[in-house]
Structure formats: structure tokens, C-alpha cells
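Q: Take a look at the following structure, please.
What follows draws every value from the coordinates through simple rules; no lab data is involved. Owing to the predicted nature of the structure, the values given are computational and were not obtained by experimental measurement. Cβ: placed from backbone, ideal geometry, glycine included. Neighbour counts: every protein chain shown.
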Amino acid sequence: MKKSISKNLRITKFAKKEEIPQKWYIIDAENKVLGRLASEIAKRIRGKHNPKFTPNTDTGDWIIVINAEKVKLTGKRADLKEYITHSGYPGGQKVRTFNEMIKKHPEKVIELAVGRMLPKTILGRKLKHKLKVYCGTNHPHNAQKPEVLNI
């Protein structure tokens, strides 16, 4: 006996990169908490805000972050948070606090926070390029006509 297939059966359609329009957004990081800002940016870059989200396709938007040096942390985290790197040589470990990083490389603080929230795959590495972080309010992406995104 054959099984009858319901007429109400929905077939999942996977979005293709060409079908989803990619927008440019600009976010002002002044007085924003780093983790909350980074999670919202990662969600937008990945495309999870989009109803046609497909896990294996780039369906996200481009994000421009300005005023990266004015991002903050809550409580005592500014003194306690450490960024650890290692050169690969004996004794090559460097430890920097958040306050040191925000003085020397404020863009890197946001890039690391968002990058660590993206998948650790080939797609994740491609998505990291969709984040543009700048100190101050000037950026070279005016031609893309970015929309202001309030977080």
C-alpha cells in the first residue's frame, strides 16, 4: 500500500547568496558594552536576523563600526580581561589587559570579540571580512550608503 503525501507538505528552500540583498550598516560603539555589541554584530554578519537564514551560505550584511576606542566593559572587567598571544617561540607569550589593548589597538578589541563569536570554518573566515572597524567617526565607505543601526 502506498503512502499518500500530504499536499500541505512544505519543502525547505535554501537561500543562495545571490538571492539575498546584502546591506551596509554603520554602528556607533560609543558607550556600548563590548560583549553585547559584539553579539549583535556577529548575528548581523552571519545573517541570523534574516528569515531566509541558511547556515552554509553567506546571507549576512556588512557592518561598519565607528568610535571603537570608546567601547566599554562593565564592572572591573577592564582591569581583569586579558588578551593572550604566543609567537610560537619559547618565552613568546604576551599578555595584554583590555586597557592596554584599547590604547594601542582599539579596532582589534572589537574584531577579536566578534571573530570569536563567528564559526571557526572557511565560511567564518570569509565573514570576518564583512566587519570594518575604525577609530573616530571617519570611514572610507560612504559610497556604499550605510544605514545607521541602533543597538
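Q: Pairs under 9 Å by beta carbon, first residue on the phi > 0 side of the Ramachandran plot in the range 117-139, partner outside any helix (DSSP H, G or I), six or more apart or different chains?
A: Pairs that qualify, where the first residue is on the phi > 0 side of the Ramachandran plot and the partner is outside any helix (DSSP H, G or I), are G136/I66; G136/N67.
Q: Out of the residues in the range 120-151 that are in contact with a Leu (Cβ under 8 Å, 6 or more places away or on another chain) and not hydrophobic (A, V, I, L, M, F, W, C), which is farthest from E40 (Cα to Cα)?
A: That would be G124.
Q: May I ask you to verify whether L127 is more than 17 Å from I64 (Cα to Cα) and hydrophobic (A, V, I, L, M, F, W, C)? Don't jump to the end; show me each part of the working.
A: Working: more than 17 Å from I64 (Cα to Cα): no; hydrophobic (A, V, I, L, M, F, W, C): yes.
In short, no.
Q: With a cut-off of at least 2 residues that are loosely packed, with under 12 Cβ neighbours inside 10 Å, name the strands (runs of 3 or more DSSP E) lying wholly within the range 34-151.
A: Passing ranges, in order: 82-86, 93-97.
Q: Still on this structure, I have one more. Within the group T85, T121, T54, T59, which residue is closer than 30 Å to A15 by Cβ, among the hydroxyl-bearing types (S, T, Y) and over 16 Å from the mean Cα position of the chain (by Cα)?
A: T54
Q: How many of the residues making up the range 14-51 are of a type in the set (D, E, K, R), touching a residue at least 24 places away in the same chain (Cβ under 8 Å) and more than 22 Å from V65 (Cα to Cα)?
A: Let us first name the residues in the range 14-51 that are of a type in the set (D, E, K, R), namely 16-19, 23, 28, 30, 32, 36, 40, 43-44, 46, 48.
The next check asks that each one be touching a residue at least 24 places away in the same chain (Cβ under 8 Å); those that pass are 16-17, 19, 23, 28, 30, 32, 36, 40, 44, 46.
With more than 22 Å from V65 (Cα to Cα) added as a condition, the list becomes 16-17, 19.
Going through the range 14-51 one residue at a time, the tally reaches 3.
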